[in-house]
Amino acid sequence: MKKAHKIRVYPNHRQEIQLQKTFGCVRFYWNFLLDQRITNYKMKEENAEYKEDKTTYAALKKLEEYAWLKEVEAQPLSQTNMDLNKAYNNTFKSNFGFPKFKSKKYSKKSYRTAAGMKVNNNYFYISKVGWVKMAETLRFNGKLMNVTISQSKSGKYFATFLVDTENFKKEPVTDTIGLDLGLTHFCITSTGEKIDNKNFYRSLGKCLVAEQRKLSRRLEVAKKHNRKLDECKNYQKQKLKVARVHEKISNQRSDFLHKLSSRLTDENQVICVEDLNVKGMVKNHKLAKSIVDVSWSEFVRQLAYKCEWKGRKLVKIDRFYPSSQICSSCSHKDGKKALDIREWTCSNCGTHHDRDINASINIRTEGLSGIA
Ligand SMILES: [Zn+2]
C-alpha cells in the first residue's frame with residue numbers, strides 16, 4: 001500500500017536557492033509544454049500538413065538561451081511532462097477543466113522527484129540539493145517511491161514522501177468500541193472516555209480574526225494611496241502573518257485527529273460510529289462553525305483508512321438510529337431527549353445515564369449486531 005507522509009524540512013541557504021530554481025524551471029517547462037500543445041493544435045486546424053513542434057527539455061537545454069535548465073535536476077521536468085499529459089487526459093474524462101498556465105505569483109511551488117533519493121534518520125537526500133534536515137523521521141517503513149518538495153504560502157518548505165509500505169496489518173484484538181461524535185466533546189466512547197473538543201478556531205480563531213482585520217486595513221491604505229500591493233511591504237508582511245495562523249490551526253487539528261484515530265484503530269478490532277451527514281448539517285449555520293471546528297468528517301475518513309491498513313473494521317450506523325433515546329441497560333426506548341438534557345434516568349429499569357456515554361454504548365451495540 002502506498003502512503004504519503006508530509007514533513008516540514010529546513011533547507012540551508014544554498015539548498016533554498018536550488019529549490020527555488022527548480023520550482024521556477026518546472027513552472028517554466030509546464031507553461032512551455034502547454035503553449036506548445038495549444039499552438040500545435042491551432043496550427044493543425046488551419047493546416048493539416050503542419051508539422052508539430054515536439055521540442056522537449058532535452059533539446060531545449062542545448063539551446064544557449066535555455067541553458068539554465070541544466071542547473072536543475074532533469075527528473076522533475078520529465079515528471080512535469082507526465083503531469084501535463086495526465087491533466088490533459090483528465091480534461092476529457094471528467095470535469096477537471098483544461099490545464100492552466102502557472103503564474104509566477106499564484107501557482108503552487110512544488111516539484112516531484114526520485115533522483116538520488118534516500119533518507120537517513122531526520123535527513124533526506126535528493127540530487128543537486130543534497131542532504132536536507134527534516135522536522136521528524138519518516139513514520140512509515142517501506143520502499144521510497146518519490147518525494148514532492150513544496151513551499152507553503154507562508155514560506156515554509158515541506159517534503160511529501162510516497163512510501164510503498166510493508167504490510168500494515170496488525171494482530172487482531174478483542175476490544176470493540178462505539179463513538180458518539182458530539183459538540184460538547186469531540187468524541188465520547190462507549191468505554192466512558194470523553195475526548196475534549198479542541199476548538200482550534202475558537203482559541204486561535206480570535207487571533208486569526210484580528211490579524212485578518214489588520215490585513216484588510218492595510219489593503220485599504222494601499223488602495224487609498226494608489227499603490228501596487230506587491231510594493232506594500234506592510235501588506236505583504238501581514239499577509240504572511242495571516243497565512244501562518246491558518247497553518248498553525250490546520251497543523252494542530254491534523255495532529256490531534258491523527259493521534260486519536262491511530263490510537264483508536266490500534267486498540268480496537270471494531271469501531272462503530274454514526275454515519276453523519278456533515279454536509280447536510282453544515283447548511284444549518286448555527287451549527288456550521290462548531291462542526292467545521294471538530295472536523296468529524298476528516299476524523300471518520302482517517303478511521304476508515306487506518307482500519308483498512310490494520311485489518312480492523314469500521315461500522316457506520318444509520319444516522320436516524322435513535323442512539324440517545326434508548327436505554328443501554330434494558331433496551332427500553334425512553335423517548336426524545338432535548339439537546340440540553342445531559343443526564344437521564346431510564347423510566348423502565350431506573351438506570352441513570354450520561355447522555356453521550358449511553359449513546360456511544362448503543363452505537364457500539366447496534367454496530368456489532370449488524371456484523372454478527
Ligand atoms: Zn433501562
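Data for the structure
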read-out: Members of region 352-372 found to be surrounded by fewer than 20 Cβ atoms within 10 Å (Cβ to Cβ), over 34 Å from the mean Cα position of the chain (by Cα) and not hydrophobic (A, V, I, L, M, F, W, C), listed by number; value: 352, 354
read-out: Residues that are under 23 Å from residue 135 (Cβ atoms) and surrounded by fewer than 16 Cβ atoms within 10 Å (Cβ to Cβ), drawn from region 82-113; value: 108
read-out: Residues satisfying the stated conditions in region 310-324, i.e. in contact with an Asp or Glu (Cβ under 6 Å, 6 or more places away or on another chain) and within 14 Å of the ligand (Cβ to nearest atom); value: none
read-out: From 327, 307, 349, residue being surrounded by 14 or more Cβ atoms within 10 Å (Cβ to Cβ) and within 14 Å of the ligand (Cβ to nearest atom); value: 327
read-out: Lone qualifier among 75, 20, 36 - being under 24 Å from residue 153 (Cα atoms) and surrounded by 13 or more Cβ atoms within 10 Å (Cβ to Cβ); value: 20
read-out: Qualifying residue in region 105-113 (condition: at pLDDT 90 or above, in the same structural domain as residue 16 (by TED's automatic domain parsing) and more than 23 Å from the chain's Cα centre (by Cα)); value: no
read-out: Neighbours by Cβ (under 9 Å, 6+ apart or cross-chain): first from region 342-368, over 13 Å from residue 322 (Cβ atoms) and in contact (Cβ under 8 Å) with a residue 60 or more places away in the chain; second acidic (Asp, Glu) and within 12 Å of the ligand (Cβ to nearest atom); value: none
read-out: Neighbours by Cβ (under 7 Å, 6+ apart or cross-chain): first from region 136-149, crowded, with 17+ Cβ neighbours inside 10 Å; second part of a loop (DSSP other than H, G, I, E, B) and at pLDDT below 80; value: 142/166
read-out: Scan of region 91-116 for residues that are part of a loop (DSSP other than H, G, I, E, B) and either basic (Lys, Arg) or in contact with a Ser or Thr (Cβ under 8 Å, 6 or more places away or on another chain) (or both), ordered by number; value: 97, 98, 99, 100, 102, 104, 105, 108, 115, 116
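Results for (1) part of a strand (DSSP E or B); (2) of a type in the set (Val, Ile, Thr); (3) away from the ligand (no atom under 16 Å from the Cβ); (4) not assigned by TED's automatic domain parsing to the domain that holds residue 193, shown as yes or no for each residue.
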| site | (1), (2), (3), (4) |
| --- | --- |
| 302 | no, no, yes, no |
| 339 | no, no, yes, no |
| 353 | yes, no, no, no |
| 357 | no, yes, no, no |
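The values are calculated or read from the model by the stated rules, or taken from the named source; none is laboratory data. All of these numbers come straight from a predicted model, not from anything done at the bench. Note that each Cβ is placed from the backbone with ideal geometry, even for glycine, and that neighbours are counted across all protein chains shown.
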